[in-house]
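Take a look at the structure set out below.
The values are calculated or read from the model by the stated rules, or taken from the named source; none is laboratory data. Being a predicted model, the structure only gives us computed values, none of them experimental. Neighbour counts are summed over all protein chains in view; Cβ atoms, including those assigned to glycine, are modelled from backbone coordinates with ideal geometry. Quick note on the areas: whole protein, heavy atoms, side chains included, nothing else; ligands and nucleic acids left out. Shrake-Rupley method; radii C 1.70, N 1.55, O 1.52, S 1.80 Å.
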Amino acid sequence: MENFIVSARKYRPDIFDSVVGQESITRTLKNAIRSNHLAHAYLFCGPRGVGKTTCARIFARTINCMNLTDQTEACNECESCQSFKETRSYNIHELDAASNNSVDDIRTIIDQVRIPPQVGKYSIYIIDEVHMLSAQAFNAFLKTLEEPPAHAIFILATTEKHKIIPTILSRCQIFDFSRIQINDIVNYLERISKSEVVTYERDAFNIIAQKADGGMRDALSIYDQIVSCCGNSITYKDVIDNLNVLDYDYYFTLVENFISNNIGQTLLTYNDIINNGFDSRNFMVGLSSHFRDLLVARDAVTLQLLEVGENIRERYLHQTAESSEEFLLSGLEILSKADVTYGMSRNKRLHVEIALIQLCSITALKKKSEPEHLIVNPNLCNAVPAVAPAASTPAVARTQSAAQAPSVRTVQVPTPVATRTISPMPSISIKDALKGTKPLVSKELEVVIEVDTCKTGLISENSFTPEQLADAWMEYANKLKTDQPRMSMTLLARKPELKGNWEVEFSVDNHLQAESLTKSKPELLHHLKSNLNNESILLNVVVREDSATPSNKLYTAEDKLNHLIKKNPALDKLRQQFNLDFD
């Protein structure tokens, strides 16, 4: 029975051109070999599974190859290449610094470096996970790394560059390996599948590439796992079931429910996600990424940032055409806040459901906030006088006495844009209405009805007394006692003064109080306007004229002590005698 070899080892690149996603690094190394500009020390750093050790082995074999090709690749036929392929080469040495991190291990390398190579030009020392070396080992390695023999080349590899001391970094040429792009991983998996005669769906490989997070070794490990589960046919559904990944269908369905304000179906979909064993936190992160992808798909310039398969890309383009940019930005804001506060919530499920309900309400709130455009007859509004004469409205005069009627001043405003005509109601007599021939509408009420149809053009200025102003002011100040005690004390220190034209003036002691009160001015004005039923109230905050002179108030402990000493000089003698201090 043939032994199984994992894909990460079986399809490991053996030449520079077969390395995936690191074209700039391989090109630089090939140029260095071609021009014979080889450094004595290299440092390969980057995330896991991106080809650091692979490139180190290819580089070590290529510089010792006796018959380089025209593309600056190893020939795989000379004695040096054959010995490396059969793992019997004495010119290429690999050391795992995780298990050989002491000073004695470094001394062994230092002694070994003196021996020249038997075959080829160079002795190459590949030290993997070099950041695991101890501080003493690093210091013992410095001299040899800086001035090795002419035949020695060191290649250091690490995933944590920040843990290497600067004196080591300064002695090496540093190559930063990047994460492999999703499309590169997908193309490589397709190449392997064709070699292994495995049928596949490209969207399935796209999920594997996203799960691998830029690491080719992780992607190949997941690929072997899927092949073991599904056999020679890999489908999108098999991959998401095996890897326990949320299907895109969930996210597309949820966004459709958000747009249509379908709260019930949204909660049922979330319940289905929970029952399938998916974590709520991962679901929130995935939904945020979905909103981000929808926003990216709106612009042709940023469409290249959408790393999904072709079929999924078409669905993104279709759904982003149905959703507005305002909806997507509001959704991202809601999800971002929910993600930040998720860890502090005790009821995780309720926390997520509240966020989903808010997402469903985005478009509903927008519809409610849009003004309803009604057409008002311009002639009708212009015909209404600024103040209706009492003689023209006897019915109103009989139902409301002059003592109870508030002082109201009506102001003419520009005529609203018309979209629907409202015509005045016909006048009939009560006698005809009693006979049942016409509806009961009094002719005397015609003017009142006309005024009511145009009431959107009137600004109310109900009168109020200074006592009513003081009561509303005190009510607002008392509300701030718990959350803003200093502001409450400032408001209760004096009474507001009522000037002409509904102007309220309030004086404070200093500019700091004036600045603090100015910040709370919109809330205070809203409270006064709503309680006093007057939209024309203005608030002016002024600093008292005597604020420029020194205040008689005692703020600090030193001021209080000096005040007491003036009253009783013996206190100062007592303080000096016992060397007392004040807090």
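Assorted remarks:
- Sequence of S35, S170, S83 when ordered by accessible area, the most exposed leading, probe 1.4 angstrom: S170, S35, S83
- The distance between label points at N311 and L350 comes to 4.1 nm (points 7 Å beyond Cα on the Cα→Cβ vector).
- The distance between label points at L492 and S233 comes to 8.0 nm (points 7 Å beyond Cα on the Cα→Cβ vector).
- Pairs with C-alpha atoms separated by more than 29 Å, drawn from the list K495/K567; K521/K560; K143/K163, are K495/K567; K521/K560.
- Here each label is just a point 7 Å from Cα along the line to Cβ, and for N510 and E558 those points are 1.4 nm apart.
- Other residues within the sphere of radius under 11 Å centred on the Cβ of A137, judged by their own Cβ, net out at -1 (K and R +1, D and E -1).
- Residues T363, T69, ordered by accessible area of protein heavy atoms at a 1.4 angstrom probe radius and largest first, appear as T69, T363.
- Eligible aspartates and glutamates near K499 by straight Cα distance, threshold 17 Å, same-chain separation 8 or greater: E461, E467, D471, E535
- Less than 5 angstrom separates the built amide H of I234 from those of T199, Y200, E201, all sequence-distant by 5 or more or on a different chain.
- Segment 228-307 and segment 126-148 have their alpha-carbon centroids 47 Å apart.
- Net length gained if the chain between D111 and E535 were fully extended (0.36 nm per residue, minus Cα distance): 143.5 nm
- Exceeding the 30 Å Cα-Cα cut-off - candidates K481/K573; K348/K479; K10/K30: K481/K573; K348/K479
- Accessible area in the full protein assembly, largest first, 1.4 Å probe, for I180, I165: I165, I180
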